[in-house]
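Presented below is the structure to which this report refers.
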There are 2 protein chains.
Amino acid sequence: MARTSFADVACSIARAADVVGDAWTLLVLRDVLAGIHRFDDLAGDLGLSRKVLAARLALLVEEGLLQRVRYSAHPPRHEYRPTAKAADLYPVLLALMAWGDRWYSPEPPVRLRHRCGQETVATVTCAQCGEPLTSEDTEELPGPGGRVGPGTAVLGPLLAARDWAHGA
Amino acid sequence: MARTSFADVACSIARAADVVGDAWTLLVLRDVLAGIHRFDDLAGDLGLSRKVLAARLALLVEEGLLQRVRYSAHPPRHEYRPTAKAADLYPVLLALMAWGDRWYSPEPPVRLRHRCGQETVATVTCAQCGEPLTSEDTEELPGPGGRVGPGTAVLGPLLAARDWAHGA
(Lines give C-alpha, C1' and ligand atoms only; values in the text may rest on other atoms or scores of the structure.)
Protein backbone atom coordinates (compact mmCIF):
# COMPACT_ATOMS: atom_id res chain seq x y z
CA MET A 1 0.00 0.00 0.00
CA ALA A 2 2.90 2.35 -0.72
CA ARG A 3 0.64 4.72 -2.56
CA THR A 4 0.43 8.50 -2.26
CA SER A 5 -2.06 9.49 0.41
CA PHE A 6 -5.03 11.49 -0.84
CA ALA A 7 -6.30 12.32 2.64
CA ASP A 8 -5.06 15.91 2.35
CA VAL A 9 -6.43 16.58 -1.11
CA ALA A 10 -9.30 19.08 -0.95
CA CYS A 11 -11.69 16.73 -2.76
CA SER A 12 -14.16 14.26 -1.30
CA ILE A 13 -13.67 11.86 -4.21
CA ALA A 14 -9.95 11.79 -3.39
CA ARG A 15 -10.58 11.35 0.34
CA ALA A 16 -13.06 8.55 -0.31
CA ALA A 17 -10.74 6.93 -2.87
CA ASP A 18 -7.91 7.08 -0.36
CA VAL A 19 -9.83 4.50 1.70
CA VAL A 20 -12.01 2.57 -0.75
CA GLY A 21 -10.26 3.19 -4.08
CA ASP A 22 -8.91 -0.32 -4.15
CA ALA A 23 -10.46 -3.34 -5.82
CA TRP A 24 -9.87 -5.81 -2.98
CA THR A 25 -11.22 -3.34 -0.43
CA LEU A 26 -14.39 -2.88 -2.47
CA LEU A 27 -14.90 -6.66 -2.65
CA VAL A 28 -14.29 -7.11 1.08
CA LEU A 29 -16.93 -4.45 1.74
CA ARG A 30 -19.29 -6.09 -0.76
CA ASP A 31 -18.94 -9.37 1.12
CA VAL A 32 -19.26 -7.96 4.64
CA LEU A 33 -22.34 -5.97 3.62
CA ALA A 34 -23.82 -9.12 2.05
CA GLY A 35 -23.45 -10.98 5.35
CA ILE A 36 -20.04 -12.67 5.17
CA HIS A 37 -18.39 -11.66 8.44
CA ARG A 38 -15.65 -14.18 9.22
CA PHE A 39 -12.04 -14.12 8.11
CA ASP A 40 -12.01 -17.66 6.70
CA ASP A 41 -15.27 -17.13 4.82
CA LEU A 42 -13.97 -13.87 3.32
CA ALA A 43 -10.69 -15.54 2.35
CA GLY A 44 -12.58 -18.49 0.85
CA ASP A 45 -14.99 -16.31 -1.06
CA LEU A 46 -12.43 -13.99 -2.60
CA GLY A 47 -9.51 -16.36 -2.95
CA LEU A 48 -7.05 -13.70 -1.85
CA SER A 49 -4.03 -14.23 0.38
CA ARG A 50 -4.55 -14.09 4.13
CA LYS A 51 -1.94 -11.36 4.33
CA VAL A 52 -3.74 -9.12 1.83
CA LEU A 53 -7.09 -9.79 3.49
CA ALA A 54 -5.70 -9.00 6.95
CA ALA A 55 -4.27 -5.69 5.66
CA ARG A 56 -7.58 -4.66 4.07
CA LEU A 57 -9.57 -5.59 7.17
CA ALA A 58 -7.17 -3.67 9.42
CA LEU A 59 -7.51 -0.57 7.24
CA LEU A 60 -11.30 -0.82 7.25
CA VAL A 61 -11.37 -1.22 11.04
CA GLU A 62 -9.00 1.73 11.43
CA GLU A 63 -11.16 3.88 9.14
CA GLY A 64 -14.31 2.94 11.04
CA LEU A 65 -16.05 0.94 8.31
CA LEU A 66 -15.79 -2.38 10.11
CA GLN A 67 -16.03 -3.34 13.73
CA ARG A 68 -14.07 -6.33 15.02
CA VAL A 69 -16.33 -8.27 17.38
CA ARG A 70 -15.51 -11.36 19.41
CA TYR A 71 -18.02 -14.14 18.82
CA SER A 72 -16.28 -16.94 20.70
CA ALA A 73 -14.25 -16.81 23.90
CA HIS A 74 -12.73 -20.31 23.80
CA PRO A 75 -11.07 -20.32 21.38
CA PRO A 76 -11.01 -16.53 20.86
CA ARG A 77 -12.64 -15.78 17.51
CA HIS A 78 -13.62 -12.48 15.92
CA GLU A 79 -15.84 -11.40 13.11
CA TYR A 80 -16.12 -8.19 11.12
CA ARG A 81 -19.36 -6.28 11.17
CA PRO A 82 -20.19 -3.29 8.98
CA THR A 83 -20.65 0.06 10.73
CA ALA A 84 -23.06 2.84 9.74
CA LYS A 85 -20.22 4.32 7.70
CA ALA A 86 -19.91 1.11 5.69
CA ALA A 87 -23.68 0.79 5.32
CA ASP A 88 -23.68 4.35 3.98
CA LEU A 89 -21.29 3.20 1.24
CA TYR A 90 -23.61 0.37 0.18
CA PRO A 91 -25.61 2.55 -2.25
CA VAL A 92 -22.34 3.63 -3.89
CA LEU A 93 -21.48 -0.05 -4.43
CA LEU A 94 -24.94 -0.57 -5.95
CA ALA A 95 -24.38 2.36 -8.32
CA LEU A 96 -21.01 0.87 -9.29
CA MET A 97 -22.70 -2.50 -9.80
CA ALA A 98 -25.29 -0.93 -12.10
CA TRP A 99 -22.49 0.57 -14.19
CA GLY A 100 -20.72 -2.82 -14.24
CA ASP A 101 -23.97 -4.48 -15.30
CA ARG A 102 -24.39 -2.04 -18.19
CA TRP A 103 -20.84 -2.21 -19.49
CA TYR A 104 -19.44 -5.60 -18.46
CA SER A 105 -22.21 -8.09 -17.74
CA PRO A 106 -24.45 -9.21 -20.63
CA GLU A 107 -26.53 -11.00 -17.98
CA PRO A 108 -26.66 -9.49 -14.48
CA PRO A 109 -25.01 -11.80 -11.94
CA VAL A 110 -27.15 -10.28 -9.19
CA ARG A 111 -30.66 -8.86 -9.12
CA LEU A 112 -31.84 -6.34 -6.57
CA ARG A 113 -35.16 -6.28 -4.81
CA HIS A 114 -36.20 -3.15 -3.01
CA ARG A 115 -38.63 -3.05 -0.10
CA CYS A 116 -41.12 -1.40 -2.46
CA GLY A 117 -41.52 -4.96 -3.74
CA GLN A 118 -40.02 -4.46 -7.15
CA GLU A 119 -36.87 -5.60 -8.86
CA THR A 120 -34.78 -2.50 -9.28
CA VAL A 121 -31.61 -0.82 -10.50
CA ALA A 122 -29.66 1.71 -8.46
CA THR A 123 -29.98 5.17 -10.00
CA VAL A 124 -28.05 8.27 -8.93
CA THR A 125 -30.47 11.15 -8.71
CA CYS A 126 -30.74 14.78 -7.67
CA ALA A 127 -31.74 15.10 -4.01
CA GLN A 128 -33.84 18.15 -4.94
CA CYS A 129 -35.83 17.20 -8.05
CA GLY A 130 -35.34 13.42 -8.18
CA GLU A 131 -34.13 13.35 -11.78
CA PRO A 132 -31.06 11.25 -12.68
CA LEU A 133 -27.81 13.19 -12.47
CA THR A 134 -25.74 13.18 -15.65
CA SER A 135 -22.43 14.77 -16.59
CA GLU A 136 -24.23 17.10 -19.01
CA ASP A 137 -26.80 18.31 -16.51
CA THR A 138 -24.68 18.70 -13.40
CA GLU A 139 -22.07 21.33 -12.75
CA GLU A 140 -19.32 21.32 -10.14
CA LEU A 141 -18.57 24.61 -8.44
CA PRO A 142 -16.19 25.51 -5.64
CA GLY A 143 -17.41 24.77 -2.13
CA PRO A 144 -16.40 26.25 1.22
CA GLY A 145 -13.80 23.50 1.78
CA GLY A 146 -12.25 23.95 -1.67
CA ARG A 147 -8.55 24.67 -1.94
CA VAL A 148 -5.94 24.78 -4.67
CA GLY A 149 -3.17 22.32 -3.88
CA PRO A 150 -1.86 18.86 -4.71
CA GLY A 151 -4.67 16.95 -6.40
CA THR A 152 -6.54 20.16 -7.25
CA ALA A 153 -3.75 22.31 -8.73
CA VAL A 154 -5.46 22.68 -12.11
CA LEU A 155 -8.98 21.64 -11.11
CA GLY A 156 -9.30 24.23 -8.34
CA PRO A 157 -8.75 27.30 -10.57
CA LEU A 158 -10.91 25.68 -13.28
CA LEU A 159 -13.86 25.36 -10.89
CA ALA A 160 -13.22 28.79 -9.38
CA ALA A 161 -13.51 30.35 -12.85
CA ARG A 162 -17.08 29.09 -13.08
CA ASP A 163 -19.81 31.42 -12.10
CA TRP A 164 -21.96 30.13 -9.28
CA ALA A 165 -24.70 32.65 -9.88
CA HIS A 166 -25.30 32.36 -13.59
CA GLY A 167 -24.96 28.75 -14.71
CA ALA A 168 -22.62 27.15 -17.20
CA MET B 1 -0.58 -3.28 -11.76
CA ALA B 2 0.27 -6.89 -10.86
CA ARG B 3 -3.07 -7.45 -9.23
CA THR B 4 -5.42 -10.41 -9.60
CA SER B 5 -7.83 -9.82 -12.48
CA PHE B 6 -11.49 -9.70 -11.48
CA ALA B 7 -12.76 -9.69 -15.06
CA ASP B 8 -13.90 -13.32 -14.76
CA VAL B 9 -15.64 -12.99 -11.40
CA ALA B 10 -19.40 -13.33 -11.82
CA CYS B 11 -20.07 -9.98 -10.14
CA SER B 12 -20.51 -6.57 -11.71
CA ILE B 13 -18.91 -4.85 -8.72
CA ALA B 14 -15.81 -6.98 -9.28
CA ARG B 15 -15.80 -6.35 -13.03
CA ALA B 16 -16.20 -2.61 -12.49
CA ALA B 17 -13.57 -2.60 -9.73
CA ASP B 18 -11.20 -4.43 -12.05
CA VAL B 19 -11.08 -1.26 -14.17
CA VAL B 20 -11.88 1.64 -11.84
CA GLY B 21 -11.08 0.16 -8.41
CA ASP B 22 -7.93 2.22 -8.17
CA ALA B 23 -7.53 5.62 -6.54
CA TRP B 24 -5.40 7.20 -9.29
CA THR B 25 -7.75 5.94 -11.97
CA LEU B 26 -10.72 7.48 -10.16
CA LEU B 27 -8.94 10.83 -9.94
CA VAL B 28 -7.91 10.76 -13.60
CA LEU B 29 -11.56 10.14 -14.50
CA ARG B 30 -12.68 12.91 -12.15
CA ASP B 31 -10.35 15.32 -13.92
CA VAL B 32 -11.18 14.29 -17.48
CA LEU B 33 -14.91 14.50 -16.73
CA ALA B 34 -14.36 17.95 -15.19
CA GLY B 35 -12.75 19.17 -18.42
CA ILE B 36 -9.01 18.54 -17.96
CA HIS B 37 -8.04 16.71 -21.14
CA ARG B 38 -4.31 17.12 -21.65
CA PHE B 39 -1.51 14.98 -20.30
CA ASP B 40 0.50 17.86 -18.82
CA ASP B 41 -2.58 19.37 -17.17
CA LEU B 42 -3.54 16.00 -15.67
CA ALA B 43 0.00 15.46 -14.43
CA GLY B 44 0.11 18.97 -13.00
CA ASP B 45 -3.26 18.67 -11.31
CA LEU B 46 -2.64 15.33 -9.66
CA GLY B 47 1.08 15.53 -9.06
CA LEU B 48 1.59 11.91 -10.02
CA SER B 49 4.49 10.53 -12.03
CA ARG B 50 4.24 10.63 -15.82
CA LYS B 51 4.76 6.87 -15.88
CA VAL B 52 1.81 6.18 -13.57
CA LEU B 53 -0.39 8.65 -15.44
CA ALA B 54 0.52 7.12 -18.82
CA ALA B 55 -0.35 3.63 -17.52
CA ARG B 56 -3.74 4.79 -16.17
CA LEU B 57 -4.59 6.64 -19.38
CA ALA B 58 -3.60 3.61 -21.51
CA LEU B 59 -5.86 1.37 -19.42
CA LEU B 60 -8.78 3.79 -19.70
CA VAL B 61 -8.32 4.07 -23.48
CA GLU B 62 -8.10 0.28 -23.77
CA GLU B 63 -11.27 -0.14 -21.70
CA GLY B 64 -13.12 2.42 -23.78
CA LEU B 65 -13.55 5.11 -21.13
CA LEU B 66 -11.28 7.61 -22.83
CA GLN B 67 -10.66 8.46 -26.44
CA ARG B 68 -7.23 9.69 -27.52
CA VAL B 69 -7.76 12.52 -29.98
CA ARG B 70 -5.14 14.53 -31.87
CA TYR B 71 -5.57 18.25 -31.40
CA SER B 72 -2.39 19.47 -33.08
CA ALA B 73 -0.63 18.09 -36.14
CA HIS B 74 2.65 20.04 -35.87
CA PRO B 75 3.86 19.11 -33.35
CA PRO B 76 1.63 16.03 -32.89
CA ARG B 77 -0.35 16.43 -29.68
CA HIS B 78 -3.20 14.38 -28.24
CA GLU B 79 -5.83 14.88 -25.62
CA TYR B 80 -8.07 12.51 -23.74
CA ARG B 81 -11.83 12.85 -24.03
CA PRO B 82 -14.38 10.95 -21.98
CA THR B 83 -16.59 8.48 -23.84
CA ALA B 84 -20.23 7.67 -23.08
CA LYS B 85 -18.93 4.84 -20.88
CA ALA B 86 -16.96 7.32 -18.77
CA ALA B 87 -19.85 9.78 -18.67
CA ASP B 88 -22.03 6.93 -17.40
CA LEU B 89 -19.61 6.52 -14.50
CA TYR B 90 -19.89 10.19 -13.52
CA PRO B 91 -22.95 9.67 -11.29
CA VAL B 92 -21.06 6.91 -9.45
CA LEU B 93 -18.25 9.39 -8.77
CA LEU B 94 -20.84 11.87 -7.49
CA ALA B 95 -22.27 9.22 -5.15
CA LEU B 96 -18.75 8.49 -3.91
CA MET B 97 -18.17 12.22 -3.45
CA ALA B 98 -21.35 12.51 -1.38
CA TRP B 99 -20.10 9.70 0.87
CA GLY B 100 -16.70 11.41 1.12
CA ASP B 101 -18.43 14.68 1.99
CA ARG B 102 -20.39 13.03 4.79
CA TRP B 103 -17.50 11.10 6.33
CA TYR B 104 -14.33 13.00 5.46
CA SER B 105 -15.06 16.63 4.62
CA PRO B 106 -16.40 18.91 7.37
CA GLU B 107 -16.86 21.51 4.65
CA PRO B 108 -17.60 20.30 1.11
CA PRO B 109 -14.73 21.15 -1.27
CA VAL B 110 -17.17 21.12 -4.20
CA ARG B 111 -20.81 22.02 -4.54
CA LEU B 112 -23.07 20.62 -7.23
CA ARG B 113 -25.64 22.49 -9.20
CA HIS B 114 -28.21 20.51 -11.16
CA ARG B 115 -30.02 21.78 -14.24
CA CYS B 116 -33.15 21.96 -12.10
CA GLY B 117 -31.48 25.11 -10.77
CA GLN B 118 -30.80 23.90 -7.26
CA GLU B 119 -27.70 23.03 -5.31
CA THR B 120 -27.88 19.29 -4.81
CA VAL B 121 -26.40 16.11 -3.41
CA ALA B 122 -26.16 12.86 -5.36
CA THR B 123 -28.55 10.28 -3.93
CA VAL B 124 -28.74 6.62 -4.92
CA THR B 125 -32.37 5.70 -5.38
CA CYS B 126 -34.64 2.88 -6.52
CA ALA B 127 -35.37 3.14 -10.26
CA GLN B 128 -38.92 1.93 -9.55
CA CYS B 129 -40.18 3.93 -6.56
CA GLY B 130 -37.57 6.71 -6.32
CA GLU B 131 -36.82 6.14 -2.63
CA PRO B 132 -33.19 6.06 -1.48
CA LEU B 133 -31.69 2.57 -1.50
CA THR B 134 -30.23 1.43 1.81
CA SER B 135 -28.56 -1.76 2.95
CA GLU B 136 -31.54 -2.53 5.18
CA ASP B 137 -34.16 -2.08 2.47
CA THR B 138 -32.47 -3.70 -0.49
CA GLU B 139 -31.85 -7.38 -1.02
CA GLU B 140 -29.43 -9.05 -3.43
CA LEU B 141 -30.66 -12.18 -5.14
CA PRO B 142 -29.06 -14.38 -7.79
CA GLY B 143 -29.36 -13.14 -11.35
CA PRO B 144 -29.18 -15.01 -14.67
CA GLY B 145 -25.43 -14.34 -14.96
CA GLY B 146 -24.69 -15.54 -11.43
CA ARG B 147 -22.13 -18.28 -10.92
CA VAL B 148 -20.28 -19.83 -8.00
CA GLY B 149 -16.54 -19.47 -8.55
CA PRO B 150 -13.52 -17.42 -7.56
CA GLY B 151 -14.80 -14.20 -6.02
CA THR B 152 -18.25 -15.67 -5.37
CA ALA B 153 -17.36 -19.00 -3.75
CA VAL B 154 -19.19 -18.23 -0.51
CA LEU B 155 -21.36 -15.35 -1.72
CA GLY B 156 -22.93 -17.34 -4.57
CA PRO B 157 -24.46 -20.07 -2.37
CA LEU B 158 -25.45 -17.43 0.21
CA LEU B 159 -27.48 -15.51 -2.37
CA ALA B 160 -28.85 -18.69 -3.91
CA ALA B 161 -30.25 -19.70 -0.51
CA ARG B 162 -32.41 -16.58 -0.52
CA ASP B 163 -35.91 -16.91 -1.75
CA TRP B 164 -36.70 -14.65 -4.69
CA ALA B 165 -40.44 -15.10 -4.32
CA HIS B 166 -41.01 -14.40 -0.68
CA GLY B 167 -38.70 -11.66 0.55
CA ALA B 168 -36.07 -11.65 3.24
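The values are calculated or read from the model by the stated rules, or taken from the named source; none is laboratory data. The structure displayed is predicted, hence computed values, not measured ones. Every residue, glycine among them, receives a Cβ derived from its backbone with ideal geometry; neighbour counts consider all protein chains shown. Protein only, heavy atoms only, side chains kept; ligands, DNA and RNA dropped before computing areas. Shrake-Rupley method; radii C 1.70, N 1.55, O 1.52, S 1.80 Å.
Couplings for the stretch A:107-114, taken from phi via the Karplus curve 6.51 cos²θ - 1.76 cosθ + 1.60 with θ = phi - 60°, read 10, x, x, 10, 10, 10, 10, 9 Hz in order; Gly and Pro are left as x.
Averaged over its residues, how many other protein chain Cβ atoms are within 10 Å of peptide B:21-33's Cβ atoms?
Details: counts 10, 5, 13, 5, 2, 7, 10, 0, 1, 8, 5, 0, 2.
Across B:21-33, the average partner-chain Cβ count within 10 Å equals 5.
Residues whose amide H comes within less than 5 Å of that of A:His78, counting only those at least five positions distant or on another chain, are A:Tyr71 (H built at 1.01 Å from N in the peptide plane).
Note on A:Lys51: aspartates and glutamates with a C-alpha under 18 Å away, same-chain residues under 8 apart excluded, are A:Asp22, A:Asp31, A:Asp40, A:Asp41, A:Glu62, A:Glu79. Mean residue ellipticity, 222 nm, helices only, the protein assembly as shown: the sum of -39500 (n - 2.57) across DSSP H runs of n ≥ 4, divided by residue count and rounded to 500, is -11500 deg cm²/dmol. Each Lys and Arg Cβ is given +1 and each Asp and Glu Cβ -1; about its Cα centre, the protein assembly as shown then shows a dipole of about 760 debye.
What's the buried accessible area, both sides, between B and A using a 1.4 Å probe, rounded to 100 Å²?
On the way: alone 12170 and 12150 Å², together 15190 Å².
The B and A chains share an interface burying roughly 9100 Å².
In degrees, nearest 10, range 0 to 90: what is the angle between the Cα axis of helix A:90-104 and the longest Cα principal axis of chain A? Tilt of helix A:90-104: around 80 degrees. Qualifying GluC sites (Glu not before Pro) in the stretch B:103-168, where qualification requires a DSSP coil assignment and no more than 15 other C-beta atoms within 10 Å, comprise B:Glu136.
Could you check how much of the accessible area of the protein assembly as shown is carbon and sulfur, as a whole percent, using a 1.4 Å probe? Carbon and sulfur atoms account for 52 percent of the accessible area of the protein assembly as shown.
Helix B:50-62 versus the longest principal axis of chain B: what is the Cα-based angle in degrees, 0 to 90, to the nearest 10? Value to nearest ten degrees: 60.
The 3J(HN,Hα) values that the Karplus relation (6.51, -1.76, 1.60; θ = phi - 60°) gives for the stretch A:80-89 are, in residue order, 10, 10, x, 8, 4, 5, 5, 4, 5, 8 Hz. Gly and Pro appear as x. Based on alpha-carbon centroids, what's the gap between the stretch B:110-167 and the stretch B:27-102 in Å, whole number please? Centre-to-centre distance over Cα atoms comes out at 27 Å. Heavy atoms of the protein chains alone define the surface here; on that basis the stretch B:1-141 has 43 Å² accessible area per residue at 1.4 Å probe size. Residues whose amide H comes within less than 5 Å of that of B:Gln67, counting only those at least five positions distant or on another chain, are B:Arg81, B:Thr83 (H built at 1.01 Å from N in the peptide plane).
Determine how many Å³ per residue the convex hull of the Cα atoms of the protein assembly as shown encloses. Before the final figure, lay out the partial values.
Details: hull volume 45.5 nm³, N = 336.
In the protein assembly as shown, the Cα hull volume divided by residue count equals 136 Å³.
Rounded to a whole number, what is D in µm²/s for chain A from Stokes-Einstein with the Kirkwood radius over alpha-carbon pairs (25 °C, 0.890 mPa s)? If you can, show how the numbers build up before the last one.
Working: Rh = 18.8 Å.
It comes out at roughly 130 µm²/s.
Axis of helix B:23-34 versus longest Cα principal axis of chain B: the two differ by about 70°, to the nearest ten degrees.
Close amide-amide hydrogen proximity is noted between B:Val121 and A:Ala127, A:Gln128, each under 5 Å apart and 5 or more residues distant or on a separate chain (H modeled in the peptide plane; Pro and chain starts excluded). For the stretch A:144-151, 3J(HN,Hα) computed residue by residue from phi via the Karplus equation (6.51, -1.76, 1.60; θ = phi - 60°) reads x, x, x, 7, 8, x, x, x Hz, glycine and proline entered as x.
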